[in-house]
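Below you'll find the structure, written out as structure tokens, and then a few comments.
The values are calculated or read from the model by the stated rules, or taken from the named source; none is laboratory data. Since the structure is predicted, the reported quantities are computational estimates derived from the model, not experimental observations. Cβ placement follows ideal geometry from the backbone for every residue including glycine, while neighbour counts extend to all protein chains displayed.
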Amino acid sequence: MVAGEIVVLVVDDQPEVRTLARVVLEVSGHPVRVVEAPDGPAAVAAAQRERPDLAVVDQVMPGPDGLSVVSDLVALHPGLPVALCSAGVDGRLTSRGAPHGVRWLLPKHELVRLPELLDEITES
């Protein structure tokens, strides 16, 4: 259960997607601080400086793919709740994501559901 300010790490190579996620999270009604990263190496560096309560990671980015980034983040912070985002979510991605620590698969067009994830991590 997360109490107080919720730190959310948003990892996506598209600035407009990071901005959308930030806005959705900031108006969620939860006390949230969003940390943004454009790629895997920046995400790992941010996770070393911060202690994220939730990571929202794009599946397809230049450099390491989302599953590799998730593995690195979970290695730094075991048990970190992770949502993997993709333009298209299919069954193969679902089965491949779980061993890496992915709790949710979220199509990018459903980023408005991010507050539901905040609800889950604050209630569990």
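Odds and ends about this structure:
- On inspection, SER71 passes the criterion of being among the hydroxyl-bearing types (Ser, Thr, Tyr) and under 13 Å from the mean Cα position of the chain (by Cα).
- Residue check for VAL56: assigned to a helix (DSSP H, G or I) and modelled with pLDDT of 95 or more: no
- Contact map, region 104-124: residues that are over 16 Å from GLY29 (Cβ atoms) and at pLDDT below 95 paired with residues that are small (Gly, Ala, Ser) and part of a loop (DSSP other than H, G, I, E, B), Cβ distance under 6 Å, separation 6+ or inter-chain. Pairs shown: LYS108/ALA87.
- Residue among SER95, SER71 that is modelled with pLDDT under 90, part of a helix (DSSP H, G or I) and more than 24 Å from ARG22 (Cβ to Cβ): SER95
Residue by residue, here is whether (1) exposed (fewer than 14 other Cβ atoms within 10 Å of the Cβ); (2) over 18 Å from LEU111 (Cα atoms); (3) in contact (Cβ under 8 Å) with a residue 24 or more places away in the chain; (4) in contact with a helix residue (DSSP H, G or I) (Cβ under 9 Å, 6 or more places away or on another chain) holds:
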position: VAL7; (1), (2), (3), (4): no, no, yes, no
position: ARG18; (1), (2), (3), (4): no, no, no, no
position: VAL24; (1), (2), (3), (4): no, no, yes, yes
position: GLY29; (1), (2), (3), (4): yes, no, yes, yes
position: GLY40; (1), (2), (3), (4): no, yes, yes, yes
position: VAL44; (1), (2), (3), (4): no, yes, yes, yes
position: ARG51; (1), (2), (3), (4): yes, yes, yes, no
position: LEU67; (1), (2), (3), (4): no, yes, yes, yes
position: ASP72; (1), (2), (3), (4): no, yes, yes, yes
